[in-house]
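In what follows, a single structure is set out as structure tokens and then discussed.
The values are calculated or read from the model by the stated rules, or taken from the named source; none is laboratory data. The structure displayed is predicted, hence computed values, not measured ones. Cβ: placed from backbone, ideal geometry, glycine included. Neighbour counts: every protein chain shown. Note: areas computed on protein heavy atoms with side chains; ligands, DNA, RNA excluded. Shrake-Rupley method; radii C 1.70, N 1.55, O 1.52, S 1.80 Å.
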Amino acid sequence: MFYAVLGLSIFFFVGITFFVVYFTIKYRHRPGHKAQPSPAHNDAMEITWTVIPTIICVFLFLGGWKGYLEFTSEKSNPMVIDVTAQKWHWNFTYPDGTQDGNLHVPVGQPIRMRMTSVDVLHSFYVPAFRVKQDVVPRRYTYVQFTPTRPGVYRLYCAEYCGDDHSQMKVKVFVHEAGGYERFLSEKASLSQSMSPEETGLYVYNKKGCVACHSVDGSPKVGPSWKGIWNEQVKLADGTTITVDDQYIKDSVLEPQKQARPGYPPSMPSFAGQLSEREIAGVIAYIKSLK
Ligand code: CUA
């Protein structure tokens, strides 16, 4: 199909260029040459230039329609992976409940991504798979593909979604037979064996905290995490509060409720995105950043 379209395009481009040049020379203004009146009508010609392109358009449409159906209709027995896009990271939830910031899929398995966003428009884009689909708040959109070659590919956000839009790039791991199961079991044993601080560091990097919060004291979109534990901080309403377990947990679940002045209200709620264990990890990690 691609080559048919390319061939036709080249054919018309060369043809039209030829006639433009030919007529420009043949009918140019010159001494002793009288301009002829334009012909008003030619039924045969008009029917030809209407019917032939119409037939071509019908074939182009059929090709596109077939591709569209393939792209959108649900494949038999797909593996459904839930995708949550958020400023500025991706979260993938696998059928067994495991979550990860990168996408892992077994080779040869039809995959259906059920996607939604918690804040603004994002777009799921894996160039190597030729798939791109908007991810929209408050509704599901779908994209599906069957990975055919094991390897590591790039996944981008293709809809400008704010400061760190360009940082919403993660990896797609297409696993060979058995590799996907190994990923799930490694992930499970890793999360069991991590200390609370390690869990917090993991969450910090994988759930997008890193986009807005530094751990070295430098200001980013949000306040740094360094040295805030047990400190008194000013809130937007003029009161002060101590940064303790409760304040950190509240800030994760309802960021705007006790926001600090001087920072834009851009943090979304992480309610439902982090387990109790992960929130406890974030608290332990902040505590460790003296
Ligand atoms: Cu998300 Cu751009």
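Summary table below
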| quantity | calculated |
| --- | --- |
| Count of region 172-196 residues which are closer than 15 Å to D96 by Cα and β-branched (V, I, T) | 0 |
| Output for region 127-150, where each listed residue is in a strand (DSSP E or B) and crowded, with 16+ Cβ neighbours inside 10 Å | V131, Q133, D134, V135, T141, Y142, V143, Q144, F145 |
| Number of positions in region 99-138 that are charged (D, E, K, R), within 13 Å of the ligand (Cβ to nearest atom) and in contact (Cβ under 8 Å) with a residue 40 or more places away in the chain | 1 |
| L253, sole failed condition from (1) modelled with pLDDT of 85 or more; (2) among the hydrophobic types (A, V, I, L, M, F, W, C); (3) buried (at least 17 other Cβ atoms within 10 Å of the Cβ) | (3) |
| Verdict on T146 being within 16 Å of P106 (Cβ to Cβ) and in contact with a strand residue (DSSP E or B) (Cβ under 8 Å, 6 or more places away or on another chain) | yes |
| Qualifying residue in region 268-284 (condition: open to solvent by 50 Å² or more (accessible area, probe 1.4 Å), of a type in the set (D, E) and assigned to a helix (DSSP H, G or I)) | yes |
| Elements of type strands (runs of 3 or more DSSP E) contained in region 151-248, each with 1 or more residues being away from the ligand (no atom under 16 Å from the Cβ), open to solvent by less than 30 Å² (accessible area, probe 1.4 Å) and of a type in the set (V, I, T) | 170-175, 232-234 |
| Evaluation of T141 against (1) within 21 Å of N77 (Cα to Cα); (2) more than 16 Å from the ligand (Cβ to nearest atom) (one fails), failing number | (2) |
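Residues checked against (1) touching a residue at least 60 places away in the same chain (Cβ under 8 Å); (2) under 18 Å from V135 (Cβ atoms); (3) in the same structural domain as A128 (by TED's automatic domain parsing):
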{"site": "Y160", "(1), (2), (3)": "no, yes, yes"}
{"site": "Q167", "(1), (2), (3)": "yes, yes, yes"}
{"site": "V174", "(1), (2), (3)": "yes, no, yes"}
{"site": "G178", "(1), (2), (3)": "no, no, yes"}
{"site": "T199", "(1), (2), (3)": "yes, no, no"}
{"site": "Y204", "(1), (2), (3)": "yes, no, no"}
{"site": "N230", "(1), (2), (3)": "no, no, no"}
